[in-house]
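To keep things clear, I will list the structure first and then write my remarks on it.
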Amino acid sequence: MDLDLDPADRAFRDEVRAFFAENTPDAFKARVRAGMRLEPHEFVAWQKLLYARGWGAPSWPKEHGGTGWTPTQLYIFETEASLADAPVQYHQGLELIGPIIFTFGNAEQKARYLPRILSSDDWWCQGYSEPNAGSDLASLSTRAVRDGDHYVVDGQKMWTSYAQVANRMFCLVRTDPEGRKQAGISLLLLDMDMPGISIRPIITMDEIHHTNEVFLDKVRVPAANLIGEEGQGWGYGKVLLDRERGVTAATTMRLRQQLRGARAAAAEARMLDDPVTADRLAQLEIEVIALEGMVMRTMAEAASGKDSGPRASMIKVRWSELLQEVTEFWVETLGYDAAAFGPIGNGAPTEPWPMMGMLYSRVTSIYGGANEIQRNIIARRALGL
Amino acid sequence: MNFELTDEQRLLQDSVLRFARDHYDFSAWRARTGRGEGFDRGLWKQMADLGWLSLTAPEEDGGLGGLPVDTMVIMEGVGRALMLEPFVAGAVFAPTLLPHLAGPERTDLIAAAMAGTAVVTLADAEPDGRFDLAAVSTRAERTATGFRLTGEKSHALDGAEADWFVVPARTSGEGAEEAGITLFLVARDAPGLIVRSVRAMDHRRNASLSLDGVEVSAGALIGEVDQGFGLARHAVDLAIVARLAEAVGAMEAAYEQTLQHLKTRKQFGQAIGSFQALQHRAVDMAIACEEARSMTYLATIAVSSSDPARRQTIAAAKARVGQTSLYVARQAVQLHGGMGFSDELAIGHYLKRLVMIDLAFGNAAEHRRQFAAARAA
């Protein structure tokens with residue numbers, strides 16, 4: 001049992017550290033530290049930068065254009081990114097649909113879509129949730145009816161992040177209304193310029209337009225855009241569970257960014273000598289260390305091909321809870337500075353990043369399976385309850 | 001980055017679990033404590049014969065020169081089986097402190113500790129110092145042949161069973177200064193030493209000490225005069241990580257028994273584990289176990305490393321394992337209902353052991369304070 005890095009890993013760490021030091025745009029740092037998402041064009045620029053360096057897909061195998069890194073290298077990469085206040089890569093193409101395409105897609109689909117994910121020439125959005133299918137996703141009702149060489153898709157998707165900038169959407173649709181509800185679901189790839197697709201923005205409490213409703217009105221989708229087999233779409237999502245370890249690790253290592261920001265804010269407010277403040281900050285830092293320990297064990301197990309059971313889901317639960325607590329603490333330390341959210345008219349601009357990060361953090365315990373759903377899943381699959 | 005046990009450590013783990021099965025069945029444990037028995041010198045001898053007490057002693061003294069991870073493997077079993085033997089004394093304090101003994105008894109005493117015939121513990125706290133290891137006001141005055149010790153010690157883990165005490169005393173300085181503290185070995189029967197033994201809620205037998213002009217020879221010195229704090233700190237850090245592993249063993253056992261109870265206990269015509277409120281509680285207990293195990297690994301690796309943040313890691317681990325283990329033990333009682341509150345199940349005894357582990361060498365609140373202080377430094 002040890003935490004030693006071998007010489008090759010140390011050399012890799014130095015290389016990655018130098019890259020981030022040189023290439024992380026200063027303009028990103030304050031918002032990244034606050035736990036905010038970047039603007040879409042900034043995500044694209046960051047992805048193109050990594051792609052040019054050959055690091056477009058740190059978690060993908062080499063044969064599909066990924067780096068083929070070991071879990072230890074991935075851990076080093078994300079830790080160094082966190083230290084440098086570098087952003088995460090936008091995940092919906094890279095971590096959600098990309099791996100499904102290279103696992104279940106046909107040769108033509110792989111050739112057509114994967115390179116454009118890596119180069120960030122395509123932006124993928126996720127058409128999963130619906131107005132009546134949130135936590136109970138399998139009850140989704142968007143219909144896809146086969147008509148010759150096409151499917152005709154009718155329905156409504158909800159919480160479709162960045163549909164306003166996406167040119168493609170991966171979409172769960174019901175191809176068979178009979179039988180077990182999970183069994184009639186298929187996975188279709190749509191182009192956002194297909195006739196019949198319309199978008200209505202949803203502004204979230206952080207006053208940002210991240211997400212949308214997407215209306216699908218007799219959208220004709222070529223049958224060639226079906227992933228795998230009809231009726232098997234629900235099962236394809238499960239490949240993501242095995243990959244989730246890497247994604248949760250990447251995001252969890254970012255808690256250090258928010259802790260750094262919160263500590264700096266407390267120092268600036270001369271509150272570090274206040275025993276109550278020092279105690280609360282210590283508690284948050286201690287809980288982050290425990291969570292990082294869980295991530296490190298998970299990555300080490302991935303490196304030796306061992307199953308980590310439900311730990312990725314546990315990490316998601318704890319990460320989101322801690323992100324909320326750390327950003328709340330940060331905003332509290334700001335005192336009345338937290339009241340300056342934005343200008344009035346032509347007034348002086350403000351940089352309300354900690355407040356926006358705090359507000360944004362509320363969604364992290366809801367998206368990707370609400371924490372209550374995560375607990376249901378852990379109880380059923382891992383605890384046998 | 002590697003969290004695997006070696007093959008030798010796996011064998012050791014098996015041997016601990018087998019020993020626990022053979023000698024630490026819970027009903028036997030309960031009968032033993034019910035008779036007012038604690039430390040069993042016969043079992044202690046068997047542990048010594050299995051090599052557990054030689055594991056981390058230096059090789060030049062006949063030990064195996066093992067690492068804190070070896071101790072961790074045993075301590076998990078100690079916690080799981082609620083063992084009553086003074087394992088921190090035998091596997092941490094004796095092999096860490098005795099090699100620094102000045103006098104010629106050194107070799108024989110190390111051999112006796114490894115053979116299980118001498119128990120050596122550390123009197124780590126004073127009445128006015130709470131958990132501060134440097135708060136030493138016990139005085140050591142020089143005499144013609146050695147030193148004379150006078151003062152009070154509020155706690156020595158397993159002190160009721162100890163044959164020898166390592167006593168920190170001040171040869172210079174004052175208050176809570178780290179410099180000026182010297183460690184001395186004091187025999188239990190030394191004239192002027194009063195040992196007040198007391199049973200803790202977990203059936204471990206600790207002691208407080210009064211030293212009223214206890215005379216020791218120069219050979220009773222452990223380490224250098226005025227320089228004892230670093231050695232005591234290291235011994236206590238090793239003891240802390242050992243007890244973290246003990247906590248992990250105890251909390252995981254309490255969690256597993258609770259999970260089993262949720263699956264078998266029926267109320268309202270169904271297993272109570274079918275209720276979502278209890279399922280989510282069980283998941284939170286499982287997460288707490290994962291956090292505690294992860295923290296224990298980090299601290300166990302850190303304690304023998306040169307990482308400048310090692311003390312922060314140890315303090316963080318002591319705090320978080322205390323919090324998570326008590327959460328698990330308290331929920332284990334709650335989810336067992338009335339029976340969880342009874343003396344008949346192991347559940348309540350796990351809670352009591354974990355309360356005492358949290359207390360040991362400073363509780364969660366104390367270590368959070370130490371962590372904050374280290375971060376500010």
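Worth a mention:
- Only listed residue being in contact with a Gly (Cβ under 8 Å, 6 or more places away or on another chain) and among the aliphatic types (A, V, I, L, M), chosen from B:A247, B:A239, B:A292, B:A271: B:A247
- Test: residue in region B:305-328 that is more than 10 Å from chain A (Cβ to nearest Cβ), among the small types (G, A, S) and within 17 Å of the chain's Cα centre (by Cα): yes
- Boolean, B:V73 is closer than 27 Å to B:F229 by Cβ and either assigned to a loop (DSSP other than H, G, I, E, B) or in contact with a Leu (Cβ under 8 Å, 6 or more places away or on another chain) (or both): no
- Any chance A:A81 is outside any helix (DSSP H, G or I), touching a residue at least 24 places away in the same chain (Cβ under 8 Å), within 30 Å of A:V32 (Cα to Cα) and out of contact with any Leu (no Cβ under 8 Å at 6 or more places or on another chain): no
- Members of region A:8-30 that are within 14 Å of chain B (Cβ to nearest Cβ) and either without any contact (Cβ under 8 Å) to a residue 12 or more places away in the chain or closer than 18 Å to A:G56 by Cβ (or both): A:A8, A:R10, A:F12
- Region A:175-230, residues that are under 23 Å from A:I100 (Cα atoms), assigned to a strand (DSSP E or B) and of a type in the set (K, R): A:R220
- In this structure, B:L298 does not satisfy being more than 7 Å from chain A (Cβ to nearest Cβ), touching a Leu at 6+ places or on another chain (Cβ under 9 Å) and at pLDDT 95 or above.
- Lone qualifier among B:R32, B:R10, B:R18 - being closer than 23 Å to B:A253 by Cα, touching a His at 6+ places or on another chain (Cβ under 9 Å) and not aliphatic (A, V, I, L, M): B:R32
- Check on A:Q73, in contact with a Phe, Trp or Tyr (Cβ under 7 Å, 6 or more places away or on another chain), within 14 Å of chain B (Cβ to nearest Cβ) and modelled with pLDDT under 95: yes
Residue-wise test of (1) at pLDDT below 95; (2) outside any helix (DSSP H, G or I); (3) facing chain B (nearest Cβ under 7 Å); (4) within 16 Å of the chain's Cα centre (by Cα).
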site: A:D242; (1), (2), (3), (4): yes, no, no, yes
site: A:R280; (1), (2), (3), (4): no, no, no, no
site: A:Q283; (1), (2), (3), (4): no, no, yes, no
site: A:I286; (1), (2), (3), (4): no, no, yes, no
site: A:G293; (1), (2), (3), (4): no, no, yes, no
site: A:G305; (1), (2), (3), (4): yes, yes, no, no
site: A:A312; (1), (2), (3), (4): yes, no, no, yes
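- Residues of region B:11-33 classified as closer than 16 Å to B:W52 by Cα and away from every other protein chain (no Cβ under 14 Å), total: 9
- Flag if A:L114 is farther than 24 Å from A:P201 by Cα, crowded, with 18+ Cβ neighbours inside 10 Å and not hydroxyl-bearing (S, T, Y): yes
- Among the conditions (1) free of Cβ contacts under 8 Å to residues at least 12 places away in the same chain; (2) within 23 Å of the chain's Cα centre (by Cα), the only one that B:A245 does not satisfy is (1).
- Selection status of B:A316, without any contact (Cβ under 8 Å) to a residue 24 or more places away in the chain, of a type in the set (A, V, I, L, M) and over 28 Å from A:N376 (Cα atoms): no
- Test: residue in region A:299-307 that is crowded, with 19+ Cβ neighbours inside 10 Å, under 30 Å from B:A286 (Cα atoms) and not aliphatic (A, V, I, L, M): no
- Inter-residue pairs, beta-carbon under 6 Å, first within 18 Å of B:E256 (Cβ to Cβ) and in region B:67-81, second among the acidic types (D, E), 6+ apart: B:M75/B:E246; B:V78/B:E246; B:G79/B:E246
This table checks each residue for (1) over 23 Å from the mean Cα position of the chain (by Cα); (2) among the basic types (K, R); (3) in a strand (DSSP E or B).
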residue	(1), (2), (3)
B:D108	yes, no, no
B:E141	yes, no, yes
B:F147	yes, no, yes
B:V166	no, no, yes
B:E178	no, no, no
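- Evaluation of B:E8 against (1) assigned to a helix (DSSP H, G or I); (2) more than 14 Å from chain A (Cβ to nearest Cβ) (one fails), failing number: (2)
- Single condition A:L323 does not satisfy, out of (1) away from chain B (no Cβ under 11 Å); (2) free of Cβ contacts under 8 Å to residues at least 12 places away in the same chain; (3) under 20 Å from B:A316 (Cβ atoms); (4) not basic (K, R): (2)
- The number of residues in region A:20-48 that are under 19 Å from the mean Cα position of the chain (by Cα) and part of a helix (DSSP H, G or I) comes to 14.
- With respect to the stated conditions, B:D237 fails to be exposed (fewer than 15 other Cβ atoms within 10 Å of the Cβ), acidic (D, E) and at pLDDT 95 or above.
- Residue satisfying all of: in region A:333-385; part of a helix (DSSP H, G or I), of a type in the set (S, T, Y) and more than 14 Å from chain B (Cβ to nearest Cβ); farthest from the chain's Cα centre (by Cα) among these: A:Y336
So that you can scan it fast, the table gives a plain yes or no per residue for (1) under 30 Å from B:F184 (Cβ atoms); (2) at the interface with another protein chain (Cβ under 10 Å from one of its Cβ atoms):
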{"site": "B:A232", "(1), (2)": "yes, no"}
{"site": "B:V236", "(1), (2)": "yes, no"}
{"site": "B:A239", "(1), (2)": "yes, no"}
{"site": "B:A242", "(1), (2)": "yes, no"}
{"site": "B:E246", "(1), (2)": "yes, no"}
{"site": "B:G249", "(1), (2)": "no, no"}
{"site": "B:K263", "(1), (2)": "no, yes"}
{"site": "B:I272", "(1), (2)": "no, yes"}
{"site": "B:F275", "(1), (2)": "no, yes"}
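The values are calculated or read from the model by the stated rules, or taken from the named source; none is laboratory data. All figures in this text were calculated on a predicted structure; none of them were measured in a lab. Note that we place each Cβ from the backbone using ideal geometry, even for glycine, and neighbour counts take in every protein chain shown.
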